[in-house]
Amino acid sequence: MVVLAASICTKGGKAVISRQFRDMSRTRIESLLASFPKLIPTNTQHTSIETTDVRYVYQPLEDLYILLITNKASNILQDIETLHLFARVVSDMCRSAEQREILKNAFELLGAFDEIVSLGYREQVNLMQVRNVLEMESHEEKIQDIIARNKEAEAKEELKRRAKQLEMQRREQQRRAAAGGPSGGSYLGGGVSGYSPVARFDATPVTPVRTASPAPSSQRAPAFKGSGMKLGGKKTRQSELLDALGGEALLSEDMSTPGTPAVSNTPEPVVPPKNERGSLPAVPIETVHVIVREQISLEMLREGGLNNLELKGDMNLHVSDPALARVKLALGPPPANFGPELQFKQHPNVGKFAANRERVVALKDASRSFPVGQPLAVLKWRYAGKDETYVPLSINCWPTPSNDGTCEVNIEYELENEGITLHDVVISIPLPDGSYPTISSHTGDWALNASSHSLDWSIPQVNAEERSGSLEFTVGGDDPGAFFPVKVHFIGQGSIAGVSLAGVTRVDNGEEVVFSEDAMVTVDSYIVV
């Protein structure tokens, strides 16, 4: 696969942005883009065009086209998958697929293009990895900032403590001089040498900040060092980073350990461990346990239709009793809505499905057994296409501008696949900058997300009995494109592809075996553009 260039152009062939991955002159790329609209055939669903020199793989993007220019020997399936990733990156980084918005984010888009394709070859990255690279956040840099702020605070505290100590010594000296009467002169005369250590002590205020203070350690211990030693008893990641810093090798434990609690006092949020099951009910595990996992990636158009839909799934078998290791799994009948586009792939040791017969997952060699005590992926499946009938949850977002500078937004959802139950559904609608909504009616709960300036609409559960809901609000702004892309997240119980177990039997005697099944659907990307 060799991608020569990735471009976004108008329907007239004028380049909006273009990134060349091989040596190509500007005149050459402009010539290729100018001739592209003339080559698009009418009344066809194909999204690729071949000329004598190159191949165009393209996708409509509202009033624009996003396209890859490749050589004719390139793998077209990989090119289409790469094009979908480019389109997802554009939708994720731009509020709308308008020429003005594309040019506004041109620098970030070109950087993202370079992360996807390097020297004409596709990098093994997904949308989340590209987003993380562009954010360029460094945990180590944050730790160094925390350490620097902590050292500065420690230095200030040390200076205050010493200034207070000098003031106490001065008052004690005056009190003794007043109580000594005539002999006060001799005391003050001798006090020159007695007071000079204090001056020397104050002459180097920075050095003790980096090392333990020798003389006043007994006074400092109850308020400072004791607390530091208590927190530093167990080494944390921050203290290990301090030990690894070459330039900070002079830091003693007195200075490194107080830096540890400062990490927990910073405004950086502490991310709790992610529970991938969410609100899904727990499944009691039997001796034979089957785990079905599916992940969906979907991009819907606001006017209707799909840009892409990809569903990946796998089935893992976990046997905990050696006596039941020789079993076969009978799958339920395939759903009517999925046809031959749903492709299955078995483990090399598992037999293929026989045509026009019951679908059975069993080892090719009946004398062998499944592994005991560890899960084994026995079956995988995948679907990629643009058929709307396979969408599990449809979203309809309808912004209507008013004459008073506001916009009335109606959004609704409906469960299309009754074979699954959705939990923890969150529909995130972007809001115009500086505007806040007035909610008229809603199903479920809603909240404002300050970090993304969006309205998060939460529905605890969507099933066949409660399959639809709506939200209506009014907000300032008259641009309907400001409310897209709408992002959806949920945890599903069941299988979108309808893959489930009908029964488990022993190979030797055909006896039925008690089994448990845990089927879950997660979202990789689910957006409406």
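The values are calculated or read from the model by the stated rules, or taken from the named source; none is laboratory data. Small disclaimer: the values here were computed from a predicted structure and weren't measured. Cβ atoms come from the backbone with ideal geometry, glycine included; neighbour counts cover every protein chain shown. SASA here: full protein model, heavy atoms, side chains in, ligands and nucleic acids out. Shrake-Rupley method; radii C 1.70, N 1.55, O 1.52, S 1.80 Å.
Confirm whether ASP478 is under 23 Å from the mean Cα position of the chain (by Cα), open to solvent by 10 Å² or more (accessible area, probe 1.4 Å) and of a type outside the set (A, V, I, L, M). Walk me through how you get there before you give the answer.
Working: under 23 Å from the mean Cα position of the chain (by Cα): no; open to solvent by 10 Å² or more (accessible area, probe 1.4 Å): yes; of a type outside the set (A, V, I, L, M): yes.
Judged against the criteria, ASP478 is not a match.
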From PHE338, PHE353, residue being at pLDDT below 90 and either farther than 13 Å from ALA497 by Cα or acidic (Asp, Glu) (or both)
PHE353
Tabulated pairs, the stretch 301-313, first more than 20 Å from GLU412 (Cα to Cα), second open to solvent by 40 Å² or more (accessible area, probe 1.4 Å), C-beta under 6 angstrom, 6+ apart or interchain:
ASN308/HIS84; GLU310/ALA384; LYS312/GLN295; LYS312/ARG382
Output the residue which, of all residues in the stretch 57-110 that are part of a loop (DSSP other than H, G, I, E, B) and among the hydrophobic types (A, V, I, L, M, F, W, C), is surrounded by the fewest Cβ atoms within 10 Å (Cβ to Cβ).
ALA73
Answer from THR27, THR82 - the residue that is of a type outside the set (Phe, Trp, Tyr) and under 23 Å from GLU135 (Cα atoms):
THR82
Please enumerate the residues belonging to the stretch 456-484 that are in contact with a Pro (Cβ under 8 Å, 6 or more places away or on another chain) and assigned to a loop (DSSP other than H, G, I, E, B).
GLY477, ASP478, ASP479, PHE484
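So is VAL117 under 20 Å from LYS14 (Cα atoms) and buried (at least 20 other Cβ atoms within 10 Å of the Cβ) or not? Show your work before the answer.
Details: under 20 Å from LYS14 (Cα atoms): no; buried (at least 20 other Cβ atoms within 10 Å of the Cβ): yes.
The answer is no for VAL117.
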Going through the stretch 58-79 one residue at a time, which ones are more than 21 Å from ALA106 (Cα to Cα) and over 27 Å from the mean Cα position of the chain (by Cα)?
THR70, ASN71, LYS72, ALA73, SER74, ASN75, ILE76
If we keep just the residues of the stretch 352-380 that are of a type in the set (D, E, K, R) and out of contact with any His (no Cβ under 9 Å at 6 or more places or on another chain), which is surrounded by the fewest Cβ atoms within 10 Å (Cβ to Cβ)?
ARG357
In the stretch 492-514, which residue that is in contact (Cβ under 8 Å) with a residue 60 or more places away in the chain and exposed (fewer than 12 other Cβ atoms within 10 Å of the Cβ) is farthest from PRO392 (Cα to Cα)?
ASP508
Can you name the number of the only condition in (1) of a type in the set (Lys, Arg); (2) free of Cβ contacts under 8 Å to residues at least 40 places away in the same chain; (3) surrounded by 13 or more Cβ atoms within 10 Å (Cβ to Cβ) that ARG26 fails?
(3)
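Can you tell which of ASP433, ASP445 is closer than 20 Å to THR406 by Cα, without any contact (Cβ under 8 Å) to a residue 60 or more places away in the chain, open to solvent by 30 Å² or more (accessible area, probe 1.4 Å) and among the charged types (D, E, K, R)? Let's see the steps before the verdict.
On the way: ASP445 fails: closer than 20 Å to THR406 by Cα.
The unique qualifying residue is ASP433.
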For residues that are touching a helix residue (DSSP H, G or I) at 6+ places or on another chain (Cβ under 6 Å) and assigned to a helix (DSSP H, G or I), scanning just the stretch 117-133, find the one that is farthest from ALA482 (Cα to Cα).
VAL133
Just name the residue that is farthest from GLY111 (Cα to Cα) out of those in the stretch 30-54 that are open to solvent by less than 20 Å² (accessible area, probe 1.4 Å) and free of Cβ contacts under 8 Å to residues at least 40 places away in the same chain.
ILE49
Can you name the residue in the stretch 392-417 that is among the β-branched types (Val, Ile, Thr) and surrounded by fewer than 19 Cβ atoms within 10 Å (Cβ to Cβ) and is also modelled with the lowest pLDDT among such residues?
THR406
Could we say that ASN265 is farther than 24 Å from PRO375 by Cβ, at pLDDT 85 or above and of a type outside the set (Asp, Glu) here?
no
Residues of the stretch 120-134 being surrounded by 14 or more Cβ atoms within 10 Å (Cβ to Cβ) and over 22 Å from the mean Cα position of the chain (by Cα), in sequence order, are GLY120
Name the pairs whose Cβ atoms lie under 7 Å apart, with the first residue in the stretch 134-159 and farther than 30 Å from ALA106 by Cβ and in contact (Cβ under 8 Å) with a residue 40 or more places away in the chain, the second polar (S, T, N, Q) and in a helix (DSSP H, G or I), and 6 or more positions between them or separate chains?
ILE143/GLN238
Tell me yes or no: at least one residue of the stretch 319-330 is of a type in the set (Ser, Thr, Tyr), modelled with pLDDT of 90 or more and surrounded by fewer than 16 Cβ atoms within 10 Å (Cβ to Cβ).
yes
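When the residues of the stretch 292-309 are narrowed to those that are in contact with a Phe, Trp or Tyr (Cβ under 7 Å, 6 or more places away or on another chain) and under 20 Å from LEU422 (Cβ atoms), which ends up surrounded by the most Cβ atoms within 10 Å (Cβ to Cβ)? Lay out the reasoning, then the answer.
Taking the stretch 292-309 first, the residues in contact with a Phe, Trp or Tyr (Cβ under 7 Å, 6 or more places away or on another chain) are 296, 298, 302, 309.
Narrowing further to those that are under 20 Å from LEU422 (Cβ atoms): 296, 298, 309.
Values: ILE296: 24, LEU298: 22, LEU309: 21.
Ranking the candidates gives ILE296 first.
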